[in-house]
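Written out below as structure tokens is the structure these notes cover.
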Amino acid sequence: MSSASTHGRAHFPAKRAGSAVTMTGADQAFTMLRTIYTLAPILFGLDKFFNVLTFWPTYLAPVATQVVPISPQAFMYGVGVIEIIAGLIVAWRPRWGSLIVALWLLGIIVNLLVLGHFYDVALRDFGLLIGALALNRLATGRAAKA
């Protein structure tokens, strides 16, 4: 076993306390996932107001506006607000925010399946849901250590 490995866990050589080089792989994974699950919902949520990346109402199943009788764009404004809040909760409390994002992604997947197309996006969002659950497991493990 090399000197960079201790008890089967690989560590980077210590150069500066608190730097990325001293973080375990799990710590690095936690930081990467927390960062992306904070930024992505906030950025996608903001885009619901501007439709720069895509025209978001296209992805909304008509049944959604039958249940909540507002225009598809108004519905997307609400979606944007929820996504921004979810991203902020991930930043503040990743253990709980990751579950909120996972449930939100599940809702998006169901919406896309009801819509009857964009199955590729639904599959991608399933992968993102698994990543959110992985963040939850890492955050739970960190909380148990504290």
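Derivation of every value follows stated rules applied to the coordinates shown; laboratory data play no part. These numbers were taken from a predicted model, which means no experiment stands behind them. Cβ placement follows ideal geometry from the backbone for every residue including glycine, while neighbour counts extend to all protein chains displayed.
Brief remarks follow.
- Extension gain for Asp120 to Trp92 (0.36 nm times residue separation, less C-alpha to C-alpha distance): 7.0 nm.
- Segments 101-110, 60-69 sorted - mean Cβ within 10 Å per residue, highest first: 101-110, 60-69
- Of the peptides 130-140, 23-33, the ranking by mean beta-carbon count within 10 Å, highest at the top, reads 130-140, 23-33.
- One way to sum up the overall shape of the chain is the equivalent ellipsoid from its Cα gyration tensor, whose semi-axes run 37, 15, 13 Å, largest first.
- Per-residue packing, averaged as other Cβ atoms within 10 Å, sorts the ranges 79-92, 111-124 into the order 79-92, 111-124, beginning with the highest.
- Pair Gln73, Leu53: separation of 7 Å Cα→Cβ label points (nm): 2.0
- Residue-averaged 222 nm ellipticity for the chain, from DSSP H runs of 4+ at -39500 (n - 2.57), nearest 500: -23500 deg cm²/dmol
- Relative contact order, whole percent, for the chain stands at 22, derived from Cα pairs under 8 Å and 6 or more residues apart.
- Taking label positions 7 Å along the Cα-Cβ direction at both Met32 and Val81, the computed distance is 3.6 nm, reported to one decimal.
- Stretch gain in nm, segment Leu113-Arg137, where the contour uses 0.36 nm per residue and the Cα spacing is subtracted: 5.9 nm
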